[in-house]
Amino acid sequence: MPKGGRKGGHKGRARQYTSPEEIDAQLQAEKQKAREEEEQEEGGDGAAGDPKKEKKSLDSDESEEEEDDHQQKRKGVEGLIDIENPNRVAQTTKKVTQLDLDGPKELSRREREEIEKQKAKERYMKMHLAGKTEQAKADLARLAIIRKQREEAARKKEEERKAKDDATLSGKRMQSLSLNK
């Protein structure tokens, strides 16, 4: 008999589909359960918390931090097991009033090196423009040599042009003299 000759395959049971009404009922049941758990947590704090509420108004900063710690949801097994790791740092949220924006900001090694590199480059460029670096002196010497060569080339061209003009003028004179005779 060929593979797949039977309908439905040989593994597993017959499929059962849940109706949309059953899905809605399950979701509502889960929401109700979550609400009851929240009410139990709030109710447990509220019954023995009347004296604490008065204390909270006096020490609001400390109590808010404690509430934040309790309200944070723990992931995975953290909620079931208390972990005492001295190396673990709990993340604490800082208020805007506690942030120190005016204080000196510590830079990483790479950032410090990058800033020092930029400052060194700026210093070098200032020295270069002033002509105090070896490279600037070499550039200025090279430019002076090029200037002299160009002046000499311009002078030679001028002399050649004058010589050519003199030759054409003398040639015209000779021609005009020969025509006059």
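Inspect segment 130-143 for any residue being at pLDDT below 95 and among the β-branched types (Val, Ile, Thr) and give the result as yes or no. Yes, segment 130-143 contains a residue that is at pLDDT below 95 and among the β-branched types (Val, Ile, Thr).
Taking the listed residues 117, 126, the one that is in a helix (DSSP H, G or I), at pLDDT 95 or above and open to solvent by 100 Å² or more (accessible area, probe 1.4 Å) is 117, with no other qualifying. Residue count for segment 103-114 under the criterion of being assigned to a helix (DSSP H, G or I) and surrounded by 11 or more Cβ atoms within 10 Å (Cβ to Cβ): the result is 4. Among the residues of segment 63-96, those that are under 30 Å from residue 38 (Cβ atoms), at pLDDT 70 or above and among the polar types (S, T, N, Q) comprise 85, 91, 92, 93. Scanning segment 154-177 for residues that are open to solvent by less than 60 Å² (accessible area, probe 1.4 Å) and of a type in the set (Ser, Thr, Tyr) yields 170, 176.
Only one entry of 151, 134 meets the criterion of being under 60 Å from the mean Cα position of the chain (by Cα) and either of a type in the set (Gly, Ala, Ser) or surrounded by 10 or more Cβ atoms within 10 Å (Cβ to Cβ) (or both), and that entry is 151.
The values are calculated or read from the model by the stated rules, or taken from the named source; none is laboratory data. Here the structure is a predicted model, which is why all the values come from computation and not from measurement. Here Cβ is always computed from backbone atoms with ideal geometry, including for glycine, and neighbour counts include all displayed protein chains. All accessible areas refer to the heavy atoms of the entire protein, side chains included, with ligands and DNA or RNA removed. Shrake-Rupley method; radii C 1.70, N 1.55, O 1.52, S 1.80 Å.
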